[in-house]
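The values are calculated or read from the model by the stated rules, or taken from the named source; none is laboratory data. This is a predicted model, so every value here is computed, not measured. Positions of Cβ are generated from backbone atoms using ideal geometry, with glycine treated the same way; all protein chains shown enter the neighbour counts.
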Amino acid sequence: MKRYVVRLTEEERCELKGLVAKGRSAAHKIRHAHILLQADANGPGWLDERIAAACAVHLNTVANVRRRFVEQGLAAALERKPRETPPRARRLDGEQEARLIALSCSPAPEGRKRWTLHLLADKLVELRVVDEISHETVRQALKKTC
C-alpha cells in the first residue's frame, strides 16, 4: 500500500498531457509529468519500480515527485526541490562586511591616495577580521553595497 497515492483530476491530467505533448518545457518538468501520469491511481497506476525504469530515473525520484504532489500540489511536483543552503558558504558575514565597508570609507594608508582591493584584503587579515581573504572577495562585497 502506497503512502502517497497520486489521484489526478481531469484538468491536471490534461495539463500534464499537454506539457508532455508540447515538449517545450525543461526536461525535468516533462520527466516529472510522465512520472505523475504513470503513477495516477485513476489511470495506469504503475508501480514505482516500473515508472523508474520507464523514465530512466532513480526510485527515490519517483517517490519524491509523488510525495511533493500529494503534500504541495501539482506545481511543486513539476519543479525541482529548491536548495536549502547556497552552494558555497559566504566568506564574510554581516559584521565582517561592516568592518570592510568602514575600513574602505576611512582615510587611505600613508603614502597612498586611496584604498586598493589588495590593500583592503591585507588590512582585514592584519586586523584579524578574517584569517585569509582574496581581493576578489573584497571586490564582490564592496560591489554589493554600492
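Observations, loosely collected:
- Selection within region 104-114: residues that are of a type in the set (Gly, Ala, Ser) and in a loop (DSSP other than H, G, I, E, B). The member of this set that is nearest to the chain's Cα centre (by Cα) is 106.
- Residue check, residue 7 surrounded by fewer than 11 Cβ atoms within 10 Å (Cβ to Cβ) and assigned to a loop (DSSP other than H, G, I, E, B): no
- The set of residues from region 132-146 being in a loop (DSSP other than H, G, I, E, B) and in contact with a helix residue (DSSP H, G or I) (Cβ under 7 Å, 6 or more places away or on another chain) comprises 132, 133, 134.
- Restricting region 118-136 to residues that are surrounded by 15 or more Cβ atoms within 10 Å (Cβ to Cβ) and in contact (Cβ under 8 Å) with a residue 24 or more places away in the chain, the residue that is nearest to the chain's Cα centre (by Cα) is 133.
- Verdict on residue 35 being modelled with pLDDT of 95 or more, over 14 Å from residue 70 (Cα atoms) and in the same structural domain as residue 65 (by TED's automatic domain parsing): no
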